[in-house]
Amino acid sequence: MIHEIFPVGPLQCNCSVIGDETTHESMVIDPGDDINDVLAVVRKHSLRVKQIVITHAHIDHVGGAMKLRAATGAPILLNQNDYSLLKMLDVQAAWIGMRSPGTVEIDRSITTGETVTAGSLTADILHTPGHTEGSICLYFPAQKKLIAGDTLFAGSIGRTDLPGGSMQKILRSLHDTLLALPDETVVVPGHGELTTIGDERETNPFLVKR
Ligand SMILES: [Zn+2]
């Protein structure tokens, strides 16, 4: 598995480029910005981008999606519960003083029970509402790797005070869905350092049982 993780944009969203070493098919997760950097990684490994997957419709995760689609022809996938947030990209841009990326078109909605593939690599989609209504995580069972978006961070969890956020829902998503994964699962959060499900189960103040 080729997996490059690098921060993009002013909010330093972790963008993932994941590719099959044999077929060179790949997916890009959360191309929030800096699409020239994303394309440089794609070219470095001679990859063909088959899917653009967005963990949720916050501007720092979805902002570069249309530019990447134009460059690669790959479809953009997002859970439909975030379509209303996607219509607020201008408002989101104003919150953080960024230029709006314009309209983002979604090619397909994805949710729990579906998979996204690139060559021999398969990710299970997990709908994990709470940070936003349409937040999803991608779990690669063969590699025990989780792309968590802004649902889970090393030592913290996603904020729930923005439109569509719910503390009750994010805690249910974390306890029922993410903590059901094996302890050795490597977690790639939407921002900041990598962690594991086991470490977060033991030490994350939002998750430890009192
Ligand atoms: Zn977010």
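Bear in mind these aren't lab numbers, they're just calculated from the coordinates by the rules spelled out. Note that the structure is a prediction, hence the values are computed from the model and not measured. Positions of Cβ are backbone-derived with ideal geometry, glycine not excepted, and every protein chain shown enters the neighbour counts.
So for the pair Met1, Gln143, with labels modelled 7 Å out along Cα→Cβ, what separation do we get in nm?
0.4 nm
Report the relative contact order of the stretch 42-146, percent, no decimals, based on alpha-carbon pairs under 8 angstrom and at least 6 residues apart.
That works out to 24 percent.
So what's the back-of-envelope 222 nm ellipticity for the chain, counting only DSSP H runs of four-plus at -39500 (n - 2.57) apiece and dividing by all residues, rounded to 500? All intermediate terms of the calculation are to be shown ahead of the outcome.
Working: 7 runs with 47 residues, N = 210.
After summing the helix terms and dividing by the residues of the chain, the value is -5500 deg cm²/dmol.
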